[in-house]
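Below you'll find the structure, written out as structure tokens, and then a few comments.
The values are calculated or read from the model by the stated rules, or taken from the named source; none is laboratory data. The shown structure was predicted, so the numbers you read here are calculated from the model rather than taken from an experiment. FYI the Cβ positions are ideal-geometry reconstructions off the backbone, even for glycines, and counts take in every protein chain you see. The area values use the complete protein model at the heavy-atom level, side chains included, leaving out ligands, DNA and RNA. Shrake-Rupley method; radii C 1.70, N 1.55, O 1.52, S 1.80 Å.
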Amino acid sequence: MKLEINGEMRELDAEPEMPLLWALRDVLGMTGTKYGCGIAQCGACSVLVDGVVTRSCVTPVGSLEGSKVSTIEAMEQDAVGQKVVEAWVKHQVPQCGYCQSGQVMAAVSLLKENAAPSEEDVRASMQNLCRCGTYNAIHAALSDLAGQENA
Amino acid sequence: MMARIFLDGPANGSGDERFAAPAKPVNLSRRRFLLGSAGVATGALVLGFGIPVGPARAQGPAAPAPKALDVPAFLEIRPDNTVRFLSPFMEGGQGAFTAMAQIVGEELDMDPAVFEVEAAPAGKVFQVMFGGTMRITGGSMSVRTSYDTMRRLGASARAMLVSAAAQRLGVGADTLTTEPGKVIHAASGRSLSYGELAEGALDMGVPEAGRISLKDPKDFRWIGKPVARIDMHAKSTGQAMYAIDSQVENMLQAAVQHAPRLGLQPGAIRNEAAVKAMPGVHSVHTLDGAVAVVAPYWWHARQAVDALDVDWQDPGESEDVRYMPADFATDAFTQHLSSQTGRGEEAETAGDSAAAFASAAKVVEGEFTSQYLHHAQLEPPSTLARFNDDGSLDLWMPNQGPEIFQAAIAAKTGLAPEKINIHSPLLGGFFGRHFQYTWGNPYPHAIALAKATGRPVKVIWSREEEFLRDPMRPMAVVKFKGALDADGWPVGLDVVSVCEGPGEGIANKRGEKLDESALEGITAKSYAIPNRRIAQLFVKNPTTLAYWRSVGNSMNDFFYESFLDEMADAGGKDPYALRLKLLEGNERLTTLLNAAVELSGGWKRGPFTAADGTRRARGIAMASPFGSEAAAVAEVSIQDGQVVVHDVWEAIDPGSIVNPAIVEAQVNSAVALGLSQVLVEGAEYEAGMPVARNFDVYQILRPEQMAKVHVKIVESGAEMGGIGEPPLPAIPPAVANAVSVLTGKRVRVMPLSKESFEA
Ligand code: FES
Ligand code: FES
């Protein structure tokens, strides 16, 4: 099958049931997207499907024909993605970093929909788990980004 | 000639006496070969260092006689004026790589930002702790045990670069100074970059120990400053590589199904043929206590292994395994611990506690319970194993101590240790998870499967298999009795902790001495309670146990500091005033406690009504883990019967620090884990099986449950303590004490989510 990933049509040698997470990691060798739980609980595997944050561990590739998939690997080529990465570095968000691909994707999705999210919006949208407890830093980075928009 | 230095010296003493004259370089050709094979750029300045570390700590092994070390650690200065540094300590979010770059960079006079840091392989030379005897990433020890050594290393490299510049410019070394990354001859206005000098520096003699001078701390450019962590961009763009991301040519992947209970062994696989025919399957294997499926893609292996129908055999209990009985349940086990009436073995006594209780005006009693906890690091464990044609074995695995694994694998495989190459990618969280645990690491599976298939194999434990074999933070039932005098002040304390310590659990037997980590946080308190008897009543657990962030302190401070508040209440004392009284004359802790209270805007216990109309209260607690001191205040309210923690103010005194921004991040991280433990976490068993196998049932702190965290760093100048673990233990009791004030109901069981509260 064919799948559009980060703006490129990729030939994918995988059956339709294979979750996008494993197609990315194993078939395409793109390891930026992480496995944490496999059952849509943690968010480490978050990617964008047509601009909307999606948990790739429970998304069969067969459901994605005709959709545009964006992953962490392409975020610096995306206008919003680049801002988010810059804010993440500025606020020194990551600790172990393992959840952060997913956190960045969730933040990009939020900002694409709402360039200046309120604290409540951030709370409602940023639901990925972080065992290292970077939640306050994530909020600081996002309120900085929202503030830039308001200014 | 390639330069190298050996800084050998007695492991005792302080300051410069610690460094005897350097030994002669030996075996240079071998060294050149080793470094060449490790990919060092030609012309790089390579410094090996024999490890002159500080006095062995009381709990460290005795320092060995000084010796020159064969395979050096190294620092590579490249022609492009960047640095590659091999860190003895792993990076798992705690900022170790950045701290190393800061310390070495400070004395080298090189911006930490141009450092590229990787984890060092297994090797004697990287054992920089306790007189060069060991190296682990744990116990919050990375920076404090290597601080002096790393400064020496940077200073030595700088001295060699200066000598090279002196020769190149034809001037005296004493006319030269350095600026970050370059040597400057002020008189002539000339300068040379380190990159330009690195090759010439190779021909410089190694400076004698006496010629290496360290900077005056007042001139520090980077140490003590909030230097940016060096791995932020890689970790924000998916480029950071963890063990689970390892790939090598021709690699297969494997998923396992563990025996449902430890001690069971696989018998016949009833549907093997059908599973072999599933898509993508390469082969099906029977392992010690598990079955596995190998496939080019992990998802295929996982689908297939889950489908295996195995006839698990129960050979019954034996000495060799930590057997999990079919009827084990945490509820019943808690009852069992609680029903113990023994007095246990004494870990600490002082004064005459029997007499203190006999003459007490009032006796307070309380029984407390903690829970098993998973590490729940977000990266599931994995290991990639590859046997090479020359008989060596490469392993990519999450680990907190490469030499420990190298030795264990050598014993298991019969390979010589030097044939076993341990690669240590970044850790996707660790918290104690990645030590050697007999039944808790995936490397035996990876090695067995690589052998069986003749190809490199990467094993990933699914989250479900991880929660089945993750060794856990021990639980305990602890019985407290306090004696108060006629004025209501505590004068006697009697504690029996019914538990098995993590060390005892890992060894699967009791040692000759008590497991110190079983009672740490209840013992060795600074509070002046003159009569004490603190004991452990050992009860073996069937579960596997482990170190968990802040180890025994993680629960013991919850017990102790909560009970301290109970004694305060019973004696009619304010808990802040009580602590100040019990710490009278202890300037360091009094200052710290006051700092936490000041940070919170002054002591305000409550209950009170906050601006948003919620009823709130505050609790206070302290802890002294891993060489540092901590004091915390927490503010809580109740919402829908559950505890909400709004703010945590924490003051921490690690003596002195390297990076305040990292300290602040670590306090946030430890607060999150402390809140997680006290509010929501707990691993439970029923019928010999964990109830939760994934994050749908096993709760960890969610984003909306995080408190605002305010940090005050106090640098008392005391001996440097740890940072990764120390901020944790004061959090659960600060929260529990606040909840007790708010609800009028003492909290004695974690997690609080088991109960419903009313403000
Ligand atoms: S791996 Fe997909 S949500 Fe956890
Ligand atoms: S940074 Fe480690 S899990 Fe989020």
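Residue by residue along B:224-236, Cβ atoms of other protein chains within 10 Å of the local Cβ number 5 on average.
Under the criterion of Cα pairs below 8 Å and six or more residues apart, the relative contact order for chain B equals 12 percent. In the range A:4-52, comparing the full protein assembly with the chain on its own, the residues that lose 30 Å² or more of accessible surface at a 1.4 Å probe are A:Glu15, A:Met18, A:Trp22, A:Arg25, A:Asp26, A:Thr31, A:Lys34, A:Tyr35, A:Gly36, A:Cys37, A:Ile39, A:Gln41. With all distinct Cα pairs included, what does the Kirkwood hydrodynamic radius of chain B come out to in Å, to one decimal, could you say? Computed over Cα pairs of chain B, the Kirkwood hydrodynamic radius comes out at 27.9 Å. Can you give me the % of accessible surface on the protein assembly as shown that is carbon or sulfur? Probe 1.4 Å, all protein chains present, nothing else counted. Answer for the protein assembly as shown: carbon and sulfur cover 49 percent of the accessible area. Annotation: aspartates and glutamates with alpha-carbon distance below 17 angstrom to B:Lys573 (same-chain offsets under eight excluded): B:Glu365, B:Asp485, B:Asp487, B:Glu561, B:Asp565, B:Glu584. Given a 1.4 Å probe and the protein chains as shown, B:Phe368 ends up with an accessible area of around 0 Å². Converting phi to 3J(HN,Hα) with the Karplus coefficients 6.51, -1.76 and 1.60 and the offset θ = phi - 60°, the range B:294-309 yields 10, 7, x, 10, 5, 4, 5, 4, 5, 4, 6, 5, 5, 7, 5, 10 Hz in sequence order, with x at every glycine or proline. Annotation: amide H of B:Lys362 within the under-5 Å range of B:Leu484, sequence separation 5 or more or interchain, hydrogens built in the peptide plane. The HN-Hα couplings worked out from phi for the range B:386-392 by the Karplus form 6.51 cos²θ - 1.76 cosθ + 1.60 (θ = phi - 60°) are 9, 7, 9, 4, 7, x, 8 Hz, whole numbers, x standing for Gly and Pro. Per-residue 3J(HN,Hα) values for the range B:618-624, derived from phi via the Karplus relation 6.51 cos²θ - 1.76 cosθ + 1.60 with θ = phi - 60°, read 10, x, 10, 6, 10, 7, 10 Hz in sequence order (x marks Gly and Pro). Estimated at the nearest 10 Å², the accessible area of B:Ser628 is 0 Å² with a 1.4 Å probe. Partners of B:Lys708 within straight-line reach, counting lysines whose Cα lies under 19 Å from its Cα and excluding those fewer than 8 residues away in the same chain: B:Lys604. Rolling a 1.4 Å probe over the heavy atoms of the protein chains gives the protein assembly as shown an accessible area of 35 Å² per residue. Between 0 and 90 degrees, the angle of helix A:79-90 with respect to the longest Cα principal axis of chain A falls at about 60 degrees. Measuring heavy-atom accessible area with a 1.4 angstrom probe and counting protein chains only, the residues of the range A:78-99 that give up at least 40 Å² relative to the chain alone are A:Val89, A:Gln92, A:Pro94, A:Gln95, A:Cys96, A:Tyr98.
Taking amide H as placed 1.01 Å from N in the peptide plane, B:Trp548 has no amide H partner under 5 Å among residues 5 or more places away or on another chain. Of all lysines in the structure, those lying under 17 Å Cα to Cα from A:Lys2, and not within fewer than 8 positions of it along the same chain, are A:Lys68.
If one takes the accessible area of chain A alone plus chain B alone and subtracts that of the pair, with a 1.4 Å probe, what total in Å², rounded to the nearest 100, results?
Counting both chains, the buried surface is close to 4300 Å².
For the range A:2-71, what's the relative contact order in percent, using C-alpha pairs closer than 8 Å and at least 6 residues apart? Dividing the mean separation by the residue count of the range A:2-71 yields 40 percent. Antiparallel beta bridges, as assigned by DSSP with both residues in the protein assembly as shown, represent about 75 percent of the total such bridges.
Taking 10 Å² as the minimum loss, tell me which residues in the range B:664-685 lose that much accessible area going from the chain by itself to the full protein complex (1.4 Å probe). Output list: B:Ala665, B:Asn668, B:Ser669, B:Ala672, B:Leu673. Between the amide H of A:Lys68 and those of A:Asp50, distances stay under 5 Å, these residues lying 5 or more places away or on another chain, with hydrogens modeled in the peptide plane.
Between helix A:100-113 and chain A there is an angle of about 80 degrees, using the helix long axis and the longest principal axis of the Cα atoms.
What is the extension gain from B:Glu584 to B:Ala661, computed as 0.36 nm multiplied by their sequence separation minus the C-alpha to C-alpha distance, in nm to one decimal?
Contour length minus Cα-Cα distance gives 24.5 nm.
Counting only DSSP H runs of at least 4 residues, each contributing -39500 (n - 2.57), and dividing by the residue count of the protein assembly as shown, the helix-based mean residue ellipticity at 222 nm comes to -8500 deg cm²/dmol. Overall form of the protein assembly as shown: rounded. Here a/c, set by the Cα gyration tensor axes a ≥ b ≥ c, is under 1.5.
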